[in-house]
Amino acid sequence: MTAHPKIGSVWARRYPGYPQHDRDFRVTGVFTRDGVTYVETEQLGNGDRSRGRLDHVFEYAECVSTNGINTPGCGDISTSR
């Protein structure tokens with residue numbers, strides 16, 4: 001990982017060939033425990049909250065915006081694909 005996502009940034013997660021798993025989400029928290037970084041998110045549209053490993057949450061995710069402004073500055077997350 002090169003950086004943590006910015007809290008409040010909005011992301012679009014798109015699974016190739018599995019559109020039923022696509023979702024847009026906002027980052028609500030980032031924390032590290034025992035050397036593993038986790039991200040808390042809120043799904044846009046229905047407000048569902050979830051938590052997962054940084055590399056799992058951001059697999060196939062692309063930054064949409066930061067604080068309502070369309071920008072690439074969402075935290076420069078890179079995951080191995």
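The values are calculated or read from the model by the stated rules, or taken from the named source; none is laboratory data. Please read these numbers as outputs of a predicted model, since none were measured by experiment. For neighbour counting, all protein chains shown are included, and Cβ atoms are generated from backbone atoms with ideal geometry for every residue, glycine included. We work out accessible area using only protein heavy atoms, side chains counted, and drop any ligands, DNA or RNA first. Shrake-Rupley method; radii C 1.70, N 1.55, O 1.52, S 1.80 Å.
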Practice item. At 7 Å along the Cα-to-beta-carbon direction for both residue 38 and residue 55, put a label point, then send me their distance in nm to one decimal. Key: 1.7
Study note, to complete from the structure: Sorted by chain and then number, the residues having a modelled amide H within less than 5 Å of the amide H of residue 44, at least 5 places away or on another chain, are 24, 25, 26
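May I ask you to give the solvent-accessible area per residue for segment 1-64, in square angstrom, as obtained with a 1.4 angstrom probe? Show your work: numbers first, answer last.
Values: 3970 Å² over 64 residues.
Result: 62 Å² per residue.
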